[in-house]
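> Below you'll find the structure I mean.
Where a number appears in this text, it was derived from the coordinates with a stated rule and is not lab data. A quick note: this is a predicted structure, and the numbers were derived from the prediction, not measured. Glycine also receives a Cβ, built like all others from the backbone with ideal geometry; neighbour counts cover every protein chain displayed.
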Amino acid sequence: MIINSPQALKRYQQAADKSMIILKRLFDATVEGVTPRQIDQLADSECQKMGVIPCFKGVGPKNNRYRFATCISVNDTVVHGIPEAKVLKKGDLVKVDFGINDDGWFTDHCFCKSIGQASPADQQLMAVARKAIIAGAKQAVVGKKIGDIGQQIQSIVEGAGFSVVKEFVGHGIGHDMHDFPQIPAYGVKGTGIKLQEGMVLCVEAQVLASKNDQIYVEDNGWTVKSADGSKSAMFEYMVVVGKKEAMFLTDTRDWPLF
Ligand code: MF3
Ligand code: CO
């Protein structure tokens, strides 16, 4: 959506703030010994307490709707991981993707965290992914184009010897989780649609610790894994396109990576 009044901006900030309170609780709960299923149940109960709806539930095709409040993707699971009842252990690289519907105002964001001290390789993967996606999100400025976002992300990621997944894209958000426009994590500077003031965007990327960007979807129709088994990192930020600079609605930029 395109925010066109200070009131609407304020209302969106309220929704984002509620969502961030829950996301931070999920972050703190993402530790050794817990299961993704427990983190998902926490997301559900926190939503209930706050009077908001977890907005991933019910997404997808009629015969295979998504049933969980979160997507929790571990190690070589890249995105859309189903929160499994399998204990998290030291060295796991965990991506927690979560969003709410707050009386019609939608949020969607994702953090990545290592369980225990990350290996140097995982530290680098997370740091590069976060840096790239922040750099992409900072392109959310009037006059820039969609391709400027993707180009920033892709060049930083590939410059580090990693790759971005091409099959999934960031997106606009508003009174729906997925709104116009689509925002690939790759692209060419100066191409694509022009960003307009007030556009609300989810800038996200799945970054693979490999030059091989191939992925596959498991038989459950959701779980996406890297073809070569490489680990992946993902972040997703909501930003509003600003006149001079991007306004981060859901800011996890300072959160520790492990
Ligand atoms: N964060 C995901 C996205 O940007 C949403 C999860 S898909 C769902 O599209 F099916 F789980 F909702
Ligand atoms: Co998203």
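> Taking ARG37 and the conditions (1) in contact (Cβ under 8 Å) with a residue 60 or more places away in the chain; (2) more than 16 Å from ligand 2 (Cβ to nearest atom), which numbered condition does it fall short on, given that it satisfies the others?
Only one criterion is unmet by ARG37, namely (1).
The rows are residues; the columns are (1) farther than 26 Å from PRO36 by Cβ; (2) touching a helix residue (DSSP H, G or I) at 6+ places or on another chain (Cβ under 8 Å); (3) more than 15 Å from ligand 2 (Cβ to nearest atom); (4) not in a helix (DSSP H, G or I).
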{"residue": "GLN117", "(1), (2), (3), (4)": "no, no, yes, yes"}
{"residue": "ALA121", "(1), (2), (3), (4)": "no, no, yes, no"}
{"residue": "GLY136", "(1), (2), (3), (4)": "yes, yes, no, no"}
{"residue": "ASP148", "(1), (2), (3), (4)": "yes, no, yes, no"}
{"residue": "GLY161", "(1), (2), (3), (4)": "yes, no, yes, yes"}
{"residue": "GLU167", "(1), (2), (3), (4)": "no, no, no, yes"}
{"residue": "HIS171", "(1), (2), (3), (4)": "no, no, no, yes"}
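> Taking the condition of being under 18 Å from GLN41 (Cβ atoms), away from ligand 2 (no atom under 12 Å from the Cβ) and of a type in the set (Gly, Ala, Ser), how many residues in the range 94-115 meet it?
0
Okay, residues lined up against (1) closer than 26 Å to GLY229 by Cα; (2) of a type in the set (A, V, I, L, M):
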{"residue": "ILE22", "(1), (2)": "no, yes"}
{"residue": "VAL31", "(1), (2)": "yes, yes"}
{"residue": "PRO36", "(1), (2)": "yes, no"}
{"residue": "ASP44", "(1), (2)": "no, no"}
{"residue": "GLY51", "(1), (2)": "no, no"}
{"residue": "GLU84", "(1), (2)": "yes, no"}
{"residue": "LYS89", "(1), (2)": "yes, no"}
{"residue": "GLY99", "(1), (2)": "no, no"}
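> How do the strands (runs of 3 or more DSSP E) wholly within the range 180-258 filter down when requiring 1 or more residues that are touching a residue at least 24 places away in the same chain (Cβ under 8 Å), hydrophobic (A, V, I, L, M, F, W, C) and more than 16 Å from ligand 1 (Cβ to nearest atom): which remain? Quick ask: steps written out before the conclusion?
Values: elements: 200-208, 215-217, 224-226, 232-240.
In the range 180-258, the matching strands (runs of 3 or more DSSP E) lie at 200-208, 232-240.
> Give the residues of the range 51-71 that are farther than 17 Å from THR223 by Cα and surrounded by 14 or more Cβ atoms within 10 Å (Cβ to Cβ), sorted by residue number.
VAL52, ILE53, PRO54, CYS55
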